[in-house]
Amino acid sequence: MEIRNARFVRGIVGTNDILKSKRKQIAFIGRSNVGKSTLINNLTGSKGLVKISKQPGKTKQINFFSATLTYSNNPRQEKSTKRNEEIYLVDLPGYGYAKIPQEQREKMRKMILWYFISGETNLKKVILIIDSKAGLKEFDLEMIDVLKEYGPELGYQFVIVANKIDKLNQKQTHKNLQKIKEKIGEEIKVIPMSAKTGKGRNDLMEWIGV
């Protein structure tokens, strides 16, 4: 499966007609500096789709990108066929950057939570990105609790991507993943990945396509 033809559509800060679209939404959420923009660009094969700012916390809205999911059939089958599905990739603001004023941080937090619990969206998949070296932080744990509570009710699934494993050796990666699992439980899927090198990309794409 591949994600093709990704392009920016619009940014929103509240209720908007785009939320009523029947297109499936795949959302990306994570603290500032976890590599969310790099990850989205890696998945879409477009380096400039999501601008990577040198100033964390710059994104203050929910950004919608139109894209095409291309599903390929089993390569063992004699006849090759492909199926396309038009979707939205949804990039939520990075959260937790200390230099952002408290009032603004709280506003973004409420907007993020509203997106996941309002029931106004056709949300199907959520990719929660964390820094594999830094591990789980308070906001990550809060988001996991929200996704666990509202996901089954509103019909969406979530996965945790432990990004930046390129900065760890094999032993450190294993140790840090174990710490993450101890905090959240074995039932939550965790995909170790490097958005920079592409390691783990196929595992994430497979999860998206299920």
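The values are calculated or read from the model by the stated rules, or taken from the named source; none is laboratory data. Owing to the predicted nature of the structure, the values given are computational and were not obtained by experimental measurement. Please note: Cβ atoms are built from the backbone with ideal geometry, for glycine as well, and neighbour counts cover all protein chains shown.
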What do you reckon, is L43 closer than 28 Å to I117 by Cβ, at pLDDT 95 or above, not acidic (D, E) and not in a loop (DSSP other than H, G, I, E, B)? yes
Hey, can you tell me all the residues within the stretch 187-204 that are within 12 Å of L39 (Cα to Cα) and surrounded by fewer than 16 Cβ atoms within 10 Å (Cβ to Cβ)? K196, T197, G198, K199
Could you list, ordered by first residue, the pairs with Cβ atoms under 9 Å in which the first is in the stretch 158-178 and farther than 13 Å from D131 by Cβ and the second is aromatic (F, W, Y), at least 6 apart or interchain? V159/W207
Within the stretch 108-148, track down each residue that is charged (D, E, K, R), over 24 Å from P192 (Cα atoms) and touching a residue at least 12 places away in the same chain (Cβ under 8 Å). R109, E120
Tally the residues that are among the hydrophobic types (A, V, I, L, M, F, W, C), under 17 Å from K183 (Cα atoms) and at pLDDT 95 or above, restricting the search to the stretch 116-135. 3
Specify the residue that is surrounded by the most Cβ atoms within 10 Å (Cβ to Cβ); the eligible residues are those in the stretch 49-67 that are farther than 16 Å from N122 by Cβ and modelled with pLDDT of 85 or more. V50
